[in-house]
1. Each residue of the range A:146-151 in turn: what ³J(HN,Hα) in whole Hz from Karplus with 6.51, -1.76, 1.60 and θ = phi - 60°, glycine and Pro shown as x?
2. Fewest first, what order do A:S190, B:S117, A:S253 take by the number of other Cβ atoms within 10 Å?
3. What is the Cα convex hull volume of the range C:226-326 when expressed per residue in Å³?
4. Apply the Karplus curve 6.51 cos²θ - 1.76 cosθ + 1.60, θ = phi - 60°, to the phi angles in the range C:52-67 and return the couplings in whole Hz, x for Gly and Pro.
5. Quick check: the distance between the Cα centres of the range A:284-330 and the range C:295-352, to the nearest angstrom?
6. What net charge do the residues around C:R296 carry, taking every other residue with its C-beta under 13 Å from that of C:R296, with Lys and Arg at +1 and Asp and Glu at -1?
7. Kirkwood hydrodynamic radius, computed over distinct alpha-carbon pairs, for chain B: how many Å, to one decimal?
8. Over all Cα pairs of the range C:286-352, how is the pair count split among 10 Å bins, expressed in % and running from 0 up to the last occupied bin?
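No value in this document is a laboratory result; all are computed from the given coordinates. This is a predicted model, so every value here is computed, not measured. Methodologically, a virtual Cβ is constructed for each residue, glycine included, from the backbone with ideal geometry; neighbour enumeration extends over all protein chains shown.
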Amino acid sequence: MSKIDPGNYFEDFSVGQEIVHATPRTVTEGDVALYQGLFGSRFALQSASTVAASVGLERAPVDDLLVFHLVFGRTVPDVSLNAIANLGYAQGRFGAMVYPGDTLRATSTVTGLRETSNGKTGIVYVRTRGTNQREELVLAYDRWVLVPKRDVKAPAPDPLVPELASSVAAADLHVSWAPTEDYDPALTGSAHLWDDYDPGERIDHVDGITIEEAEHMTACRLFQNTARVHFNQHVEKDRRFGRRIIYGGYLISLARALSFNGLENAQTVAAINGGRHTNPTFAGDTIYAWSEVLERIRIPGNDRVGGLRLRTVAVKDRACAAFPWKDDEGKYDAAVVLDFDYTVLIPRRVTP
Amino acid sequence: MSKIDPGNYFEDFSVGQEIVHATPRTVTEGDVALYQGLFGSRFALQSASTVAASVGLERAPVDDLLVFHLVFGRTVPDVSLNAIANLGYAQGRFGAMVYPGDTLRATSTVTGLRETSNGKTGIVYVRTRGTNQREELVLAYDRWVLVPKRDVKAPAPDPLVPELASSVAAADLHVSWAPTEDYDPALTGSAHLWDDYDPGERIDHVDGITIEEAEHMTACRLFQNTARVHFNQHVEKDRRFGRRIIYGGYLISLARALSFNGLENAQTVAAINGGRHTNPTFAGDTIYAWSEVLERIRIPGNDRVGGLRLRTVAVKDRACAAFPWKDDEGKYDAAVVLDFDYTVLIPRRVTP
Amino acid sequence: MSKIDPGNYFEDFSVGQEIVHATPRTVTEGDVALYQGLFGSRFALQSASTVAASVGLERAPVDDLLVFHLVFGRTVPDVSLNAIANLGYAQGRFGAMVYPGDTLRATSTVTGLRETSNGKTGIVYVRTRGTNQREELVLAYDRWVLVPKRDVKAPAPDPLVPELASSVAAADLHVSWAPTEDYDPALTGSAHLWDDYDPGERIDHVDGITIEEAEHMTACRLFQNTARVHFNQHVEKDRRFGRRIIYGGYLISLARALSFNGLENAQTVAAINGGRHTNPTFAGDTIYAWSEVLERIRIPGNDRVGGLRLRTVAVKDRACAAFPWKDDEGKYDAAVVLDFDYTVLIPRRVTP
């Protein structure tokens, strides 16, 4: 019998099934540095232990999105090795902060299944939980993917589509830090705090970064994300796009790093409300980003830190002064590669 | 007098000569992370300190092949700066495990010399020992290289070819770990253990990874391997291949990382029995790999961990379902770039 | 009001103005490893804690030029985001050594202003100080940049050009280490010490390294240097060069790494006397380097370590056996990309 795990097909999943993902991962300062080299983030909390101290943390935490990619990476061999498409995310909630030295592992539960109308594929819904070595939750999120059936004649399961909230509720946002009087806007890059952002406000993050093949593959290997479409030009050259496709999460991290221009104090990501990879991205594409403030969120019982629900849109080969998004019929502009709905935490102004 | 060391030519070597190689190297978690980003290994023992604890180690050890490349890198300026070809390896044996913070250094002894028939070059045999800061042996291996003579009229030395074993004996395999009851196949990625592999069994590792210029050069700089053919397109463009040649050891690490598919519990490399770089590799090549189990090795006095002697073959731009290797006349297929004979350690099934 | 900081224009600067730069940066072993992977330095002091111990240091320090790039990176958003050209450096002096775990921040003082004759631009002189978390100076240097005016009708300020020394005086060189009897030339790569270098001596460093896009962009992101010309092919393709321009500091680090061949014991950089980026560099260029010894410097009261004032010249796509530099009229050869005047520290021979 073959020793190669062929990955799961639609009929291999059952509602309620628990999957323990392999290959736990100890995060190190080395991972943090390579992530820095790939994405170039400038948020001060992750950049400097002195700034971390100014919000009451003992040291600089690991970037939330690096945590996301590492947890996500664990799930690929079991959930999406054969996936045709990664359809969406919801209800992503970050928990305990992660520090270098922590070891992450992941488990998933199948929460829904629905065969598609052509009978050849199905949608699998999973809820994934990432935990640290103390079994504390560091991240949980829902995700759904389109997976082929191994045997098109296999009977369809009873359809079950889980109810997924459109956003993480304010009361469910985990807040691990609060600015002290040492929190210094001169060092974080801006004096704009929670109070200064208004729903509906749009921010063009201005800068653009061109992606190289070596970069996105190095990121995926760092995350131990083995999805084949990112790595193998020999196979992809004869497929639909003729090229390696960049991991969608790479765009999330790049857009987040670009969003520093105008969101300098949005120090951590607390929730992923939803996300769509609207067009594929390839090496050579230059990525720009813009954001819209969707909501200003008061955290119950917390007057030091507030939430901003944001839509950050990543766009390829087009500057974002005109905020490219959808046309009048709701169809995404072909230049838009990511529409990401998430919630960041940002200090509130102290009112004496 | 020039301050530039021109490297050694054939007549600079003498049998019995001891060479202390320069530039000791402290290995850090940063090196480990960059190695991870370059090769994408998923073997759980190096990935997670929790898994390391489940085999009795205090923390995740450094990948054996990163140790190999670091030790090898030290030797390049003295042994192979002028080499025409790296002809082979033998009797490679890993010793004390290496952890971040350890400092590696290397010394070599010339064990053989043989001028080639054309009188212009010669083969130099060296045995290299890598040690840590406590003078413990971490790796010893034999290697032979083809080196030009500085002066073709220089007299040939008495030929001496050392006897080299075809493989490292079971009793010489250094075993530093043993699975405890916490060793969990769900976390290591497979339930296949030593007992499940049979000599003659072949495994197609399925995945392929395309190599970029930035990646192999970054690896060599990390290893401080200064062999010029890897770095200088300005010179190589006018030479035989017209391109930079990828360090052969890069293929060893890539093949080892790919071999996770089907060899998930083969946690460490204990020996390098032999290896041939059968064709050059260039940026843009996509590397696949397959393995054959050559031997199942019982370690004397150890019923917890066994050895598997493997042949892992790396192949460029061709999938490995048909296990490409040699033709009927023993000539390597042009797609084969590495034929690597080594011994891994893997837990044995506990028989109650 | 826009939340995007547009960067400073000429009329935004005033003599005596103090600028606190944002985004302090904790340096880690991860940063050191990625820097190693990018530049491939072999100076033994930074490579091995054992060698660091042999000069009386507790552990391997961070490469001085990585410190330079990190301090420089902080200043870009305030000083040179809109700069047309980086005109020069002077009076750069390294202070306290930096170790992994230290947090760097930077402040600058405007020391001079001079509008240029066309009335559209001006030269801004700043003195930048980088400090660690204990407020110790790790680096101070002067730099001047050509910056456009926002409004060409804005009145010119009173011109003030600071007096800048042509080199850092011997008494101002900060020396943190001294060789002990454990300092071993076999491990540092050469027996050539301070006493062996003569003013006027030229050294061809021989090797050449081709630069890839992924490499220089990764370096800048690691340094959090956000100058736009390095990252955005979508915009640069329609500009003067048609390509991304490599950060001038990248060439400094690459030249320093290449200079190991022939300057093996020049363990640290103590001063940057001056530097000019004489031609732009692009991905695909192969960089060679050569050095001239300008001066052999006795450090007052120190007979263990001496200074060598060096000119290191980086050259693209041409080997340096003929030491390409300037023509008879003092114009730089088109292949020269960097003319760097700096002072290194190197052990002196012990005279019994």
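1. Couplings: 9, 10, x, 7, 6, 10 Hz.
2. Numbers: A:S190 19, B:S117 7, A:S253 22.
Going from least to most buried by this count: B:S117, A:S190, A:S253.
3. Numbers: hull volume 12.7 nm³, N = 101.
Expressed per residue, the convex hull around the Cα atoms of the range C:226-326 is 126 Å³.
4. Couplings: 4, 5, 6, 10, x, 9, 6, 7, 5, x, 6, 3, 4, 6, 5, 4 Hz.
5. Centre-to-centre (Cα) distance: 50 Å.
6. -2
7. Working: mean 1/r = 0.0478 Å⁻¹.
Taking the inverse mean of 1/r over all distinct Cα pairs, chain B comes out at 20.9 Å.
8. So the P(r) values, bin by bin, are 20, 38, 23, 15, 3.
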